[in-house]
Amino acid sequence: MAFNVLLWGRAEYERQLPWGDLLGGVEVVTALGEGAPLEVADVVVVPSRQPVLREHVPRLRRARLVLTTTSGFDHVDVKALAEVGIPCARLPLARRDAVVQTALGMILSLTRRLGALQEPAGRGHWDRSELPAWNPTLLGTVGVVGHGVIGSVMARSLESLGARVLRCDPILPDSVPIDELVEQSDVVTLHSELTPESRNLLSVERLMAMRRGSVLVNTARGGLVDVGAALRSLESGHLAGLALDVFPSEPPVDLARFVGPRCIVTPHAAGWHPGLDEAIARGIVDAVQAVRRGEAAPFTLQ
């Protein structure tokens, strides 16, 4: 019987994955929508826009793995899969460096006030005498929320730039409580998964508890932040900068509200880079080969 890999769904920017001869002896089927042949798949591969719900699980009769090509599991009912013994894995390395570099760029742009300084230049005004008023700052204390594959590299990168880093993650013995972190940080950058417990992690109350003049960056999951409250905090001057690559609902209907020199908005683009398709293809191959050997795929949820 052939070993079947189902590529179920597709990201908006996704092109043909460069398989080459990487999956010899494996039948690859691409399908969209509810009519996908889940019943015959040994491995089901999904992007973030294709949910795997409890109602789908009874159809996964042969599945030995559900693999998401993203860094998180919030679109997959991992509990329902675990109940029938189907493991779930992800591909965080495919986007790790791009996300880290994007988040770093956002942090540095907002703390150094590059957008604000660019605005008078666009009017032909050399604003050097007003630098104290613009107040470009150094990194100071940065709170990194989430210390997984991406967050851990982010923390080390920030430390290499001279920042004092506070880490918040239950896997760490020295984790700083989230309320303490937001109160002490000049910058908060989010790299955690979206779970029922972390939804609206940056709530109205925690946003108000952040230092006046601080910066918030979210390149993780849109549901981690009360986006409306964050925008109001920016407009009131409590936040000096806000960067959002992700939103609770995408695309946001009020996108134009976020345009301004102290706000950076990107279209869920932090993880994209020219080699992404190749990195995803290699990750899928590694996972499939592990399953065929009877081993756990890399980055399987424990």
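The values are calculated or read from the model by the stated rules, or taken from the named source; none is laboratory data. No experiment lies behind these values; they were computed from the predicted model shown. Glycine gets a Cβ as well: all are built from the backbone with ideal geometry, and neighbour counts include every protein chain shown.
Summary of values
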| quantity | calculated |
| --- | --- |
| Test: residue in the stretch 252-265 that is farther than 17 Å from residue 110 by Cβ and touching a residue at least 40 places away in the same chain (Cβ under 8 Å) | no |
| Residue among 117, 161 that is touching a Phe, Trp or Tyr at 6+ places or on another chain (Cβ under 7 Å) and either of a type in the set (Phe, Trp, Tyr) or surrounded by fewer than 19 Cβ atoms within 10 Å (Cβ to Cβ) (or both) | 117 |
| Neighbours by Cβ (under 8 Å, 6+ apart or cross-chain): first from the stretch 266-282, under 10 Å from residue 99 (Cα atoms); second small (Gly, Ala, Ser) | 270/98; 270/103; 271/71; 271/94; 271/98; 272/98; 273/98 |
| Close pairs (8 angstrom Cβ cut-off, 6 or more residues apart or separate chains): closer than 20 Å to residue 199 by Cα in the stretch 166-187, among the basic types (Lys, Arg) and not in a helix (DSSP H, G or I) anywhere | 175/167; 176/167; 183/211 |
| Odd one out for residue 266, checked against (1) at pLDDT below 90; (2) polar (S, T, N, Q); (3) within 27 Å of residue 118 (Cβ to Cβ) | (1) |
| Candidates 68, 102 - the one that is polar (S, T, N, Q), under 30 Å from residue 263 (Cβ atoms) and touching a residue at least 40 places away in the same chain (Cβ under 8 Å) | 102 |
| Residue among 255, 242, 216 that is in contact with a Phe, Trp or Tyr (Cβ under 9 Å, 6 or more places away or on another chain), within 25 Å of residue 166 (Cβ to Cβ) and assigned by TED's automatic domain parsing to the domain that holds residue 134 | 242 |
| Unique match (being farther than 28 Å from residue 13 by Cβ, touching a helix residue (DSSP H, G or I) at 6+ places or on another chain (Cβ under 9 Å) and either in contact (Cβ under 8 Å) with a residue 12 or more places away in the chain or part of a loop (DSSP other than H, G, I, E, B) (or both)) among 249, 233 | 233 |
| Filter result for residue 84 (among the hydrophobic types (A, V, I, L, M, F, W, C), over 22 Å from residue 282 (Cα atoms) and in contact (Cβ under 8 Å) with a residue 12 or more places away in the chain) | yes |
| Flag for residue 269 being farther than 13 Å from residue 93 by Cα, small (Gly, Ala, Ser) and over 16 Å from the mean Cα position of the chain (by Cα) | no |
| Unmet criterion (only one of (1) more than 18 Å from the chain's Cα centre (by Cα); (2) within 22 Å of residue 96 (Cα to Cα)) for residue 221 | (1) |
| Residues satisfying the stated conditions in the stretch 63-75, i.e. modelled with pLDDT of 95 or more and of a type outside the set (Ser, Thr, Tyr) | 63, 64, 65, 66, 67 |
| Residue satisfying condition, being farther than 20 Å from residue 205 by Cβ and polar (S, T, N, Q), within set 185, 160 | 160 |
